[in-house]
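Asks: Let me give you the structure first, and then I'll get to my questions.
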Amino acid sequence: MNRRLVSAAMNIVDLAGVNAMFRLINRTNAVILTYHGVCAEDFTQRKEYNGRHIPVRIFRQHLSALRRSGFTFATLSDLVCRIKCGQSIDRVAVLTFDDGFRNVVRNAYPVMKEFGAKGCFFVVSNFIGSRTLLWTDFVETYLRAREPEPLMLVVGGKSIRYHLNSHTALNFAIEDLKHRLRNIPNEERIRWMEESGMSSNRFVDRAPEEFSPADWQDLQSLDRSVLEIGSHTRNHPNCDTIQSADELEAEIAGSKIEIERRIGRKIEHFCYPAGAFNPAVIETVRRAGFQSAVTTIEGFTTPRADLFTLQRIFGDSDLTRFKATVSGSLPWIQRSAQYLRGTT
């Protein structure tokens, strides 16, 4: 089934009341939603890539759908408090935004206030208020700036040849190179990017506005009862690739200290970059004084959830898929589609 047929099937499922049935089944669970940026409608680059920045129109539709489906909104602090106290978390929705993009303050925050939505803004402390890019956005901007000719690179001792002569090939190269760099030791990744010239500041001016960070004044202006601030490390490394305990503590505890100093508020929640963690990372997060940590593991938050491996649901730009995901019907739809393909 192609994407258009799947979307049509999900719409039929929604109209038939299947999503409502699954919402009833999952009514005792909460939903923590994952976003990165909420972009202006004319940001065309998102159509060429992976949808990290969804348009305001779609974001507004998400909040409207959640409200119509009976969800109530809460901050992450409120949700964590309810879990600790054994209180109901029935149909609670928490919005989370990773990284620290300025468009969250400019575009998402006003819509959240309009709908009474609440959540947590996980920021990379060395990204905020700077004239730079996240390392992942340096990769993307570097590859998009190149001529459409084959590119040879060596990462982690392996040679890779990328073709950049089509949108499909370019997007594959961006995703694949990020994946490879995430899976080598963090010190090696930093050194590789410096030696390749990929982290040069000359690429900052070539990056779209949507990749720009918020500043500290932006964060101070946010109403913490609507959008509280959390930590997403100092530099956005994959924490499980950090080999030094001191470096790991600097990334995790150091970010907490810096954000608290800058905005004058206590920081209690952490987000693992790229969802990468291991027991040592979790212990470092606990020791730093955080009350919770969120992952990229897909799923609902249950009343007995582990507060340091909280699952989330991606805020998909396809509204029908979004409705199926937050109701819990998506796995059933996917299994049904696989069964139908096998019988035809």
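Bear in mind that the values in this text are calculations on the coordinates, not laboratory data. Keep in mind it's a predicted model, so treat the numbers as computed, not measured. Methodologically, a virtual Cβ is constructed for each residue, glycine included, from the backbone with ideal geometry; neighbour enumeration extends over all protein chains shown.
Asks: Which whole-Hz couplings ³J(HN,Hα) result when phi for each residue of segment 77-85 is put into the Karplus expression 6.51 cos²θ - 1.76 cosθ + 1.60, θ = phi - 60°, listed in order with x for Gly and Pro?
Replies: Karplus values, whole Hz, x for Gly and Pro: 4, 5, 4, 4, 4, 4, 5, 4, 8.
Asks: I would also like to ask the following. Output the pairs from LYS118/LYS256; LYS113/LYS178; LYS84/LYS178; LYS256/LYS323; LYS118/LYS178; LYS178/LYS266 with a Cα-Cα distance over 27 Å in this structure; if there are none, say none. Spell out each step's value before the answer.
Replies: Values: LYS118/LYS256 21 Å; LYS113/LYS178 34 Å; LYS84/LYS178 37 Å; LYS256/LYS323 34 Å; LYS118/LYS178 31 Å; LYS178/LYS266 32 Å.
The pairs that break the limit, which is 27 Å between Cα atoms, are LYS113/LYS178; LYS84/LYS178; LYS256/LYS323; LYS118/LYS178; LYS178/LYS266.
Asks: On to the next question. At 222 nm, what value in deg cm²/dmol follows for the chain if DSSP H runs of at least 4 each add -39500 (n - 2.57) and the sum is divided by all its residues, to the nearest 500?
Replies: On the way: 14 runs with 149 residues, N = 344.
When only DSSP H runs of four or more count, the value is -13000 deg cm²/dmol.
Asks: Can you tell me the dipole magnitude for the chain around its Cα centre, using point charges on the Cβ only (Lys, Arg +1; Asp, Glu -1), in Debye to the nearest 20?
Replies: Values: 45 positive and 39 negative charges, 236 e Å.
Roughly 1140 debye, rounded to the nearest 20.
Asks: Would you mind counting up the charge near PRO331? Only other residues with Cβ under 13 Å from its Cβ, with Lys and Arg at +1 and Asp and Glu at -1. Intermediate results must be reported in sequence, preceding the final value.
Replies: Values: positive: ARG321, ARG335; negative: GLU298.
Spelling it out: positives minus negatives among the neighbours equals +1.
Asks: Which distance in nm do the two modelled labels at LYS113 and GLU195 give, with both placed 7 Å along the Cα-to-Cβ direction?
Replies: 4.9
Asks: Between ALA305, ALA16, ALA40, which gets the highest mean-square fluctuation from a Gaussian network model of the chain, Cα cutoff 10 Å?
Replies: Checking each option, the largest mean-square fluctuation is seen for ALA16.
Asks: Work out the charge dipole of segment 135-206 with +1 on the Cβ of Lys and Arg and -1 on the Cβ of Asp and Glu about the Cα centre, then indicate which of ASN165, ASN183, MET198 is farthest towards its positive end.
Replies: ASN183
Asks: To the nearest 0.05, how large is the calculated FRET efficiency for GLN243 and ALA16 if R₀ is 35 Å and r is the Cβ-Cβ distance?
Replies: Values: r = 52 Å, r/R0 = 1.49.
That pair, GLN243 with ALA16, gives E of 0.10.
Asks: Still on this model: Please compute the modelled spin-label separation between THR296 and THR28, points set 7 Å along Cα→Cβ, answer in nm with one decimal.
Replies: 3.1
Asks: Under a point-charge model restricted to the Cβ atoms of Lys and Arg (+1) and Asp and Glu (-1), what is the dipole moment magnitude of segment 214-343 relative to its Cα centre, in debye to the nearest 20?
Replies: On the way: 15 positive and 17 negative charges, 106 e Å.
Roughly 520 debye for segment 214-343.
Asks: Could I ask something else about it? In a shell of Cβ-Cβ distance under 10 Å around ILE160, excluding ILE160 itself, what net charge do Lys and Arg (+1) and Asp and Glu (-1) give?
Replies: Once all neighbours under 10 Å are counted, the net charge is +2.
Asks: So, one more: Just add up the charged neighbours of GLY254: K/R +1, D/E -1, any other residue whose Cβ is under 12 Å from the Cβ of GLY254.
Replies: Net charge in that neighbourhood comes out at -3.
Asks: For segment 55-201, rounded, prolate or oblate, judged on the Cα gyration tensor with a ≥ b ≥ c (square roots of eigenvalues), a/c < 1.5 rounded, else prolate if a/b > b/c?
Replies: Prolate.
Asks: Going by Cα centres, segment 218-292 and segment 172-209 are how many Å apart?
Replies: If you average the Cα positions of each part, the centres end up 22 Å apart.
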